[in-house]
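*Asks:* Below you'll find the structure I mean.
Every number here is computed from the coordinates shown, using simple stated rules; none is lab data. Model, not experiment: these values are computed from the prediction. Backbone-built Cβ (ideal geometry, glycine too); neighbour counts: all protein chains shown.
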Amino acid sequence: MNQEELLARLNGIVWNDFECKKAQRSVPEDAYKTVASFANTAGGWLVFGVREGNGRLEVTGVEESDKVQNDFLAVLRGGQKINRVIRVT
């Protein structure tokens with residue numbers, strides 16, 4: 001997904017293959033349920049630093065992006081919550 005596609009999704013409606021999580025300082029627990037859902041279908045995009053409110057998406061940012069990313073990838077690669085390898089880009 002490039003920047004233009006991301007902006008179009010952020011300004012659009014709910015998608016089956018696109019979900020946003022606030023995740024300002026840590027990975028939300030329900031992010032792994034989203035990954036599992038995507039893994040059982042055709043895949044999808046999980047975007048951190050965006051929250052949903054009143055039917056709209058608002059960019060909030062991620063304050064500790066390296067920590068959030070590393071924590072998320074460690075869990076995905078560690079087999080703690082997902083028992084198969086998930087390709088992450």
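Results for (1) among the small types (G, A, S); (2) under 15 Å from T89 (Cα atoms), shown as yes or no for each residue.
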residue	(1), (2)
Q3	no, yes
A31	yes, no
E52	no, no
E58	no, no
E63	no, no
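*Asks:* If V35 meets every condition in (1) at positive phi; (2) touching a residue at least 40 places away in the same chain (Cβ under 8 Å) apart from one, which number is that one?
*Replies:* It fails just one condition, (1).
*Asks:* How about the chain: which strands (runs of 3 or more DSSP E) wholly inside it have at least 3 residues that are surrounded by 11 or more Cβ atoms within 10 Å (Cβ to Cβ) and among the acidic types (D, E)? Don't jump to the end; show me each part of the working.
*Replies:* Working: elements: 18-21, 45-48, 50-53, 56-59.
Result: empty, no element qualifies.
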